[in-house]
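Here is the structure we will look at.
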Amino acid sequence: MTIAESEITITPDPQILQVLTYLEMRPINSLCELIDNSIDALSTLPDDEASLIVIELPTRREVEDGTARVRVRDNGPGMTLAQVENSLRAGYSSKPRHGSLGLFGVGFNIATGKLGRLTRVVTARKDDDYAIETTIDLVSLKLSGNFKVKAAQIPKPEGLSHGTIVEIMQPWGSGNQNFGFMMKLISIGRPKTLSLLGRIYATILRQKRFRIIVGEDSVEPFHHCVWDDSRYVEHTKHGKIPAVYRFTNRVIHTYQKCAACGSAIPDGESQCPDIACRSTSTLTQEERINGWVGVQRFLDASHFGIDLIRNGRAIRTLEKEPFFIFQDPDTGDPIVDYPIDNREGRIIGEIHLDHVPVDPAKQSFEHSSPEWRRAVEFLRGRSSLQPGQPGADSNSSPIFKLYQGYRKVRTPGRRSMSMGKWLPGSNEPRALSKSELDELRKKFDSREPGYFDDTEWWKLVEQADQKPVTGLRKCPSCHLESPDGIEECPYCAHIFEGKACIDNNCGQIIGLSSVTCPHCGANQIPQIEEPWACRVCGNTNGTDDASCHICSHVRGTVNPVSKEGLQGPGHKDDSLSVAGLSITLASGTPSSPIDVTTYLTDGAIFSYHGDGSKTRLPSVRFAESDIEIYIDPKHPFFELAGVSFEQQVASETAAFLHTYYASQAAKYSAEHSVTKLTHEILNKYWPDNYSTAGVEAELESLFMSLRSHLADAVQDESSDVYTNLPQEEKTALASELVRRGRDVSELSEVKENGQFLHFLRPKGIVEIFRVNPKLFFDGKVWDITYAEIPTIDPIGGERLQAQIRNEQGSLLEIAAAYAEKGAENPREAELAKAACKLLWAKLGV
């Protein structure tokens, strides 16, 4: 029974709220957003109070029949009505910038909106005798254009003395961009979900302040299989290099910021640079790093890299590129630093970057931010990790040192800190087999003493340095017997099996396996250099060649047409990517769904040949279980041949499907063709390439956003803006008001508060622009500077303002014309789309 009911405001506009749900987010991270909010709430409880987060996931059948519910419940302190209202506002946070994991806000809106259309929040506080319930229905909000939702006081649900429950229901149907997202989440499976959450929240779970339960299973924290802090190797140049470098509150940068608005204050300045603030009150801000980097006890082809953590949540795990791939400062080419001796690595770490900003969906850190660049520089330095490269001599970063000490694993033993064993008759130890390593890892995962710590592992390192004793031999100097196989008499130090010190100035006879000379300290392991093959053109180069003498690329440069080489400058294009692409084959059966991801490169794509020549390619395709396509958008092929990017993606995908389903050709040779498959893909996923379909939706979306921005911009001028409309537009506005089921009597209210703009046709927007263009610039609608131009340029300012008005006005007229009459042919459709694209480009957030 409801006790009381009220309304709360959940800005932004429902249209923007739904657009947020289209941002990219991995399914497991949608669950993490809900967990983050619970952890933030639980962190306020006393340490002696049990903190619990319980997650309930639906079954596949429940998702398919639409009855699914994702539920996250905590026993935190609960929220007041005001806190509920603030929590559901996209972008709101009650904590400082670096103070918490989530606290609802943008990430919460993205996560819940991707999972389903309906979100229910129930929260209760210990001292209250009621709970607060509110429900967000994205579809209803969008249709109503209303910012408000109901919040009711209800009796506390059974078992909820205090805490918060978040439930997401009604997974999206096939017509929505987020269709299948909830299914992807549950398809991860219970064991994998437990493992992923244990990895993501490892540092928090290890503190044992919180418990996370999925169904009936506890999430156990992940532990890195790293060597003990006491282990180290000796390096000729760098001396003792420990297996682990740890940092506790390491200050890597200090700067001044405004105490009023938080803006950074440039060195030498004493006043806030923000014109709207100009405060002289400052605070000292420190950028601190916590965590460690070290060496894993085993080599692995993929399980190495750095876990990057923000406020206890791993945003990225096993991150490699920022730390192990170096951008050549002269050419911009990516150079792989690690691993280069084989395809396996073992440098790992956990680094807490609480001060580095992340994207709204917490998928990654903002790599363009100065905080990120300073953190990476501290960890890996400014140079390549490879010795001998420019700047390497002055690089003293922890990852650089680990690279020098642990990059190569040639012979097992203490020198390389790798495990091995001696086989009968062998002259050197052999590395452990994969099955032997797998057994050790199982014991580590089971937390067996001696295997969870590195005691038993270290015995296998020492074992590799000790050749088994096979008998006794008599020393010719002291005539005492010693174990056969040792190089030096333990009684008189006579050398049984020796060699001359590698240093010609020394020349002393030392043990055959001596790593360093006991007389002069010289390193006895000669550096073996071998010819290397260029990864770009395939040419074999000499040992001393620093760069390929055919294509001139530096040693270690990645092949620019490999997936690794193309993952540098460029960006993913969502409009050219399709999740779960499936078409009807010649046999009438659907193809298996595959994800097609398309990237537009910032530079040209060149394939290099063994004769030194190169060929520029319009696109490159990689196909395994899914497809990745890289397109050079400036390749002349697209302009000269009139081929669109959509057509190229469809063609590349069709070529893959034609080969993958080659058996279709035996029975349907005429219909199973690349051309037919290309047509099917374009017709289903990019119909605008064949017709004018799709343009209307783009135009409708554009003017919907323009109306929303303009309604916020008019404010006190709303009545005047309405008055200046031509009578024709006022009449059309009233008709639209009635068509949407509203009463004409509401016209007086909506023209005063600016909401009449939501009922205005595109031509009416053009009329407002003609009369009052200043309402559209300076961030009100478009992020284009306008009002200050005459101040910036007193001579040519008015002329520049007129130019801006004409350009934006012309685009607006084109878009409005086609929005009302429709595009009659593909050429008109292209013109309308181009105007749309240009108008969207400067639209404010």
Within region 139-151, can one find any residue that is without any contact (Cβ under 8 Å) to a residue 40 or more places away in the chain, touching a strand residue (DSSP E or B) at 6+ places or on another chain (Cβ under 7 Å) and surrounded by fewer than 20 Cβ atoms within 10 Å (Cβ to Cβ)?
-> no
Which of (1) closer than 30 Å to W458 by Cα; (2) of a type outside the set (F, W, Y); (3) surrounded by 21 or more Cβ atoms within 10 Å (Cβ to Cβ) is the odd one out, the single condition I315 does not satisfy?
-> (1)
Is at least one residue of region 47-54 within 20 Å of I315 (Cβ to Cβ), among the aliphatic types (A, V, I, L, M) and touching a residue at least 60 places away in the same chain (Cβ under 8 Å)?
-> yes
Selection count where residues are open to solvent by less than 70 Å² (accessible area, probe 1.4 Å) and farther than 30 Å from L460 by Cα, scope region 213-253 | 9
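Quick check, is L115 within 30 Å of E216 (Cβ to Cβ), within 31 Å of the chain's Cα centre (by Cα), crowded, with 20+ Cβ neighbours inside 10 Å and at pLDDT below 90?
no
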Every pair of residues 6+ apart whose Cβ atoms lie under 9 Å, when the first sits in region 272-298 and is farther than 27 Å from R441 by Cα and open to solvent by 40 Å² or more (accessible area, probe 1.4 Å) while the second is of a type in the set (S, T, Y) and not in a strand (DSSP E or B) = P273/S263; D274/S263; C277/S263; T280/S270; T282/S270
Of residues in region 370-411 being open to solvent by less than 10 Å² (accessible area, probe 1.4 Å) and farther than 21 Å from Q296 by Cα, the one modelled with the highest pLDDT | A375
Selection count where residues are under 22 Å from S705 (Cβ atoms) and open to solvent by 70 Å² or more (accessible area, probe 1.4 Å), scope region 807-826 = 4
Considering (1) in a loop (DSSP other than H, G, I, E, B); (2) touching a residue at least 12 places away in the same chain (Cβ under 8 Å); (3) open to solvent by 50 Å² or more (accessible area, probe 1.4 Å); (4) of a type in the set (D, E, K, R), say which one K362 fails and leave the rest.
-> (3)
Please determine, by comparing only the residues of region 318-347 that are closer than 20 Å to W372 by Cβ, part of a strand (DSSP E or B) and touching a Leu at 6+ places or on another chain (Cβ under 8 Å), which one is most open to solvent (accessible area, probe 1.4 Å).
-> F326
Do we find a residue being assigned to a helix (DSSP H, G or I) and either out of contact with any Phe, Trp or Tyr (no Cβ under 6 Å at 6 or more places or on another chain) or on the phi > 0 side of the Ramachandran plot (or both) anywhere in region 779-790?
-> yes
Quick one: which of G588, G612, G580, G570 is on the phi > 0 side of the Ramachandran plot and either of a type in the set (A, V, I, L, M) or in contact with a Cys (Cβ under 9 Å, 6 or more places away or on another chain) (or both)?
-> G612
Looking only at region 795-806, which residues are over 19 Å from N772 (Cα atoms) and surrounded by 12 or more Cβ atoms within 10 Å (Cβ to Cβ)?
-> G796
Can you name the residue in region 587-603 that is without any contact (Cβ under 8 Å) to a residue 12 or more places away in the chain and part of a loop (DSSP other than H, G, I, E, B) and is also least open to solvent (accessible area, probe 1.4 Å) among such residues?
-> G588
Counting only residues that are at pLDDT below 95, give me the strands (runs of 3 or more DSSP E) lying completely in region 1-84 with at least 2 of them.
-> 4-9, 51-56
Out of the residues in region 654-698 that are among the polar types (S, T, N, Q) and in a helix (DSSP H, G or I), state the one that is modelled with the lowest pLDDT.
-> N689
Within region 751-764, is even one residue under 14 Å from A711 (Cα atoms) and of a type in the set (F, W, Y)?
-> yes
Given (1) assigned to a strand (DSSP E or B); (2) of a type in the set (A, V, I, L, M); (3) surrounded by fewer than 17 Cβ atoms within 10 Å (Cβ to Cβ), I306 misses just (3)
Can you find even one residue in region 146-164 that is in contact with a Pro (Cβ under 7 Å, 6 or more places away or on another chain) and more than 28 Å from Q755 (Cα to Cα)?
-> yes
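Would you mind stating whether L299 is within 29 Å of R415 (Cβ to Cβ) and of a type in the set (A, V, I, L, M)?
yes
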Out of I768, I804, I795, sole residue that is assigned to a helix (DSSP H, G or I), among the aliphatic types (A, V, I, L, M) and more than 39 Å from the chain's Cα centre (by Cα) = I768
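Does T584 fit the bill of being exposed (fewer than 13 other Cβ atoms within 10 Å of the Cβ), touching a strand residue (DSSP E or B) at 6+ places or on another chain (Cβ under 8 Å) and under 23 Å from V558 (Cα atoms)?
It is false that T584 is exposed (fewer than 13 other Cβ atoms within 10 Å of the Cβ), touching a strand residue (DSSP E or B) at 6+ places or on another chain (Cβ under 8 Å) and under 23 Å from V558 (Cα atoms).
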Could you list, in sequence order, the residues of region 500-511 that are open to solvent by less than 80 Å² (accessible area, probe 1.4 Å) and at pLDDT below 85?
-> D503, G507, G511
Kindly list the number of the only condition in (1) of a type in the set (F, W, Y); (2) touching a residue at least 60 places away in the same chain (Cβ under 8 Å); (3) open to solvent by less than 60 Å² (accessible area, probe 1.4 Å); (4) within 21 Å of H303 (Cα to Cα) that fails for Y451.
-> (2)
Picking from K459, K474, K443, the residue that is among the basic types (K, R), touching an Asp or Glu at 6+ places or on another chain (Cβ under 9 Å), more than 30 Å from N559 (Cβ to Cβ) and open to solvent by 90 Å² or more (accessible area, probe 1.4 Å) would be K474
Is there a residue in region 514-536 that is acidic (D, E) and either modelled with pLDDT of 80 or more or under 33 Å from the mean Cα position of the chain (by Cα) (or both)?
-> no
Does at least one position in region 374-395 carry a residue that is among the acidic types (D, E) and under 24 Å from the mean Cα position of the chain (by Cα)?
-> yes
Test result for E481, closer than 27 Å to T236 by Cβ and either modelled with pLDDT under 85 or exposed (fewer than 13 other Cβ atoms within 10 Å of the Cβ) (or both) | no
If we keep only residues of region 695-733 that are surrounded by 14 or more Cβ atoms within 10 Å (Cβ to Cβ) and without any contact (Cβ under 8 Å) to a residue 12 or more places away in the chain, then the residue nearest to L811 (Cα to Cα) is S701
Identify the residue in region 656-673 that is within 36 Å of the chain's Cα centre (by Cα) and surrounded by 16 or more Cβ atoms within 10 Å (Cβ to Cβ) and, among all such residues, is farthest from L585 (Cα to Cα).
-> F656
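The values are calculated or read from the model by the stated rules, or taken from the named source; none is laboratory data. Everything quoted here is computed from the prediction, not taken from an experiment. All Cβ positions, even for glycine, are placed from backbone atoms using ideal geometry, and neighbour counts span all protein chains on display. Heavy atoms of the whole protein, side chains included, go into the accessibility calculation; ligands, DNA and RNA do not. Shrake-Rupley method; radii C 1.70, N 1.55, O 1.52, S 1.80 Å.
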